[in-house]
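The block underneath contains the structure these notes are about, expressed in structure tokens.
Only the coordinates and a few stated rules stand behind these numbers; no lab work does. The structure presented is a predicted model; accordingly, all values stated were derived computationally and were not measured. Here the Cβ positions follow ideal geometry from the backbone for every residue, glycine too, while neighbour counts run over all protein chains shown.
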């Protein structure tokens, strides 16, 4: 396991997660007088929030909505999954360049 590649993949995974949130804000601002299409907002929102929907069942809240522990755990899982995908892609590119 390459440490430099690992740290780069963690940073890129976090950047992907943050940039998806910024795109969600931008889409809402573009459609500001009306509401944006539900399919587009759902796609952008659930790209980041799918772990939170799972963690809500493990860490229930007394009020409506997810608990803080569910949100924090979901964010860590999201960064870990995105980092693993980016690490796999970077490893694949490095192996391909090594063969050439």
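A few notes on this one:
- Selection within the stretch 61-100 - loosely packed, with under 12 Cβ neighbours inside 10 Å and outside any helix (DSSP H, G or I): 62, 63, 64, 65, 100
- Among the residues of the stretch 33-53, the one identified as part of a loop (DSSP other than H, G, I, E, B) and surrounded by 14 or more Cβ atoms within 10 Å (Cβ to Cβ) is 36.
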